[in-house]
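Undergrad: The structure under discussion is supplied below as structure tokens; questions concerning it will follow.
The values are calculated or read from the model by the stated rules, or taken from the named source; none is laboratory data. Because the structure is predicted, anything quoted here is derived from the model rather than measured. Reconstructed Cβ throughout: ideal geometry from the backbone, glycine too, with neighbour counts over all protein chains shown. Heads up: the accessible areas ignore ligands, DNA and RNA and are worked out on the full protein's heavy atoms, side chains in. Shrake-Rupley method; radii C 1.70, N 1.55, O 1.52, S 1.80 Å.
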Amino acid sequence: MSTTNIVVHVTNVLDAQQRTALLERLDAEQGITGVRADAHTGQLLVVDYDRRAISALGILRCVQAQGYSARLIGM
């Protein structure tokens with residue numbers, strides 16, 4: 001497996017329920033091997049993924065498809 005990670009900044013402030021739902025949704029996406037949120041704000045997500053199965057842009061689009069404004073800030 002060819003894994004890497006990215007950092008996604010979610011502009012929306014997420015409550016605990018929204019954060020959990022988003023993390024679960026991302027974790028269920030094929031090619032994503034792990035996802036964790038910054039403990040303080042929950043707005044920074046570190047996503048581990050197999051770049052042969054999903055792209056960084058695909059991950060960003062997945063977050064945006066959940067109704068959140070987000071951007072990639074690190075790879």
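Undergrad: Restricted to the range 1-32, and to residues that are among the polar types (S, T, N, Q) and in contact with a Lys or Arg (Cβ under 6 Å, 6 or more places away or on another chain), which residue is farthest from residue 44 (Cα to Cα)?
TA: Filtering first and then ranking leaves 2.
Undergrad: Go through (1) open to solvent by 60 Å² or more (accessible area, probe 1.4 Å); (2) not in a loop (DSSP other than H, G, I, E, B) one by one and return the number of the condition residue 7 breaks.
TA: (1)
Undergrad: Filter the range 45-75 for residues that are among the aliphatic types (A, V, I, L, M) and part of a strand (DSSP E or B); which is surrounded by the fewest Cβ atoms within 10 Å (Cβ to Cβ)?
TA: Applying the first criterion (among the aliphatic types (A, V, I, L, M)) to the range 45-75 yields 45-47, 53-54, 56-57, 59-60, 63, 65, 70, 72-73, 75.
In the following step, the residues that additionally are part of a strand (DSSP E or B) were identified as 45-47, 70, 72-73.
Working: 45: 24, 46: 14, 47: 26, 70: 20, 72: 15, 73: 11.
Across the range 45-75, the extreme among qualifying residues is 73.
Undergrad: All but one of (1) open to solvent by 60 Å² or more (accessible area, probe 1.4 Å); (2) in contact with a Cys (Cβ under 9 Å, 6 or more places away or on another chain) hold for residue 29; which doesn't?
TA: (1)
Undergrad: Separate question: With (1) open to solvent by less than 20 Å² (accessible area, probe 1.4 Å); (2) touching a Phe, Trp or Tyr at 6+ places or on another chain (Cβ under 9 Å) as the list, and residue 42 as the residue in question, which single condition is left unmet?
TA: It is condition (2) that residue 42 fails.
Undergrad: Further, regarding this structure: For the range 38-75, enumerate the residues that are touching a residue at least 60 places away in the same chain (Cβ under 8 Å) and among the charged types (D, E, K, R). Even if it seems obvious, please write down each step before you answer.
TA: We begin by selecting, within the range 38-75, every residue touching a residue at least 60 places away in the same chain (Cβ under 8 Å); these are 70-75.
Selection gives 71 alone.
Undergrad: From the set of residues in the range 10-26 that are under 12 Å from the mean Cα position of the chain (by Cα) and of a type in the set (D, E, K, R), which is most open to solvent (accessible area, probe 1.4 Å)? Talk me through it step by step, then tell me what you get.
TA: In the first step, residues of the range 10-26 are kept if they are under 12 Å from the mean Cα position of the chain (by Cα); the result is 10, 19-26.
Then drop every residue that is not of a type in the set (D, E, K, R), which leaves 19, 24-25.
Numbers: 19: 60, 24: 121, 25: 88 Å².
Filtering the range 10-26 for residues that are under 12 Å from the mean Cα position of the chain (by Cα) and of a type in the set (D, E, K, R), the one most open to solvent (accessible area, probe 1.4 Å) comes out as 24.
Undergrad: Can I ask one more? Does residue 35 satisfy the criteria of being in contact (Cβ under 8 Å) with a residue 60 or more places away in the chain and either part of a strand (DSSP E or B) or β-branched (Val, Ile, Thr) (or both)? Give the derivation first.
TA: Numbers: in contact (Cβ under 8 Å) with a residue 60 or more places away in the chain: no; either part of a strand (DSSP E or B) or β-branched (Val, Ile, Thr) (or both): yes.
No, not satisfied.
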